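Down below is the structure, laid out as structure tokens.
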């Protein structure tokens, strides 16, 4: 159970992050976390709030991502459990907190994947996730220069940690993003 409402989490996130592309990312990750929670029989509200808050310090401290997040979150009364989950999404990149809980493994896996899916959707004639298929994402996955900043090995490692096929992870991520397509411009 979360100790913060969705509205309060969104307000907290927007206190520190003003850029629209960062808000679209937070909403994408929230929606995907909710979709996975539904799929796995977990608390979609709690998982969604973690998705909203996962990059709370990114706009202010991009070079020190997740270093300032704990203090920001503690000041807002966020639980230590939620802070641990948020820190775990940067494991091996900018955090030494390993994802151990199922929710943490999902966040670790889908954070970068949402960016690849957004980029893939924007290349389509429809510029939408409505008609996006897993095969289209997989095709772009193999194109090294496409969204070169997306760490495909990290996503694959996350899918392995979850014990899920990559195609299923991509499908659920697309489905989650479809639920907020108008809010994220897709």
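The values are calculated or read from the model by the stated rules, or taken from the named source; none is laboratory data. Here the structure is a predicted model, which is why all the values come from computation and not from measurement. So basically every Cβ, Gly included, is an ideal-geometry build from the backbone, and we count neighbours across all protein chains shown.
Worth pointing out:
- Residue match in the range 72-95 (condition: touching a strand residue (DSSP E or B) at 6+ places or on another chain (Cβ under 7 Å), in contact (Cβ under 8 Å) with a residue 12 or more places away in the chain and not in a helix (DSSP H, G or I)): no
- On inspection, residue 42 does not qualify as part of a loop (DSSP other than H, G, I, E, B), surrounded by fewer than 20 Cβ atoms within 10 Å (Cβ to Cβ), touching a residue at least 12 places away in the same chain (Cβ under 8 Å) and under 16 Å from the mean Cα position of the chain (by Cα).
- Flag not set for residue 22, criterion: surrounded by 14 or more Cβ atoms within 10 Å (Cβ to Cβ), touching a strand residue (DSSP E or B) at 6+ places or on another chain (Cβ under 9 Å) and closer than 25 Å to residue 116 by Cα.
- Residue within the range 133-146 that is assigned to a loop (DSSP other than H, G, I, E, B), modelled with pLDDT under 95 and buried (at least 16 other Cβ atoms within 10 Å of the Cβ) present: no
- Qualifying residue in the range 98-116 (condition: outside any helix (DSSP H, G or I), free of Cβ contacts under 8 Å to residues at least 40 places away in the same chain, in contact with a strand residue (DSSP E or B) (Cβ under 8 Å, 6 or more places away or on another chain) and surrounded by fewer than 22 Cβ atoms within 10 Å (Cβ to Cβ)): yes
- Residue 186 being surrounded by 21 or more Cβ atoms within 10 Å (Cβ to Cβ), in contact with a helix residue (DSSP H, G or I) (Cβ under 8 Å, 6 or more places away or on another chain) and more than 25 Å from residue 40 (Cα to Cα): yes
- Members of the range 117-132 found to be farther than 16 Å from residue 155 by Cβ and either touching a helix residue (DSSP H, G or I) at 6+ places or on another chain (Cβ under 6 Å) or not in a helix (DSSP H, G or I) (or both), listed by number: 124, 125, 126, 127, 128, 129, 130, 131, 132
- Looking across the range 158-177, not a single residue is surrounded by fewer than 16 Cβ atoms within 10 Å (Cβ to Cβ) and touching a residue at least 40 places away in the same chain (Cβ under 8 Å).
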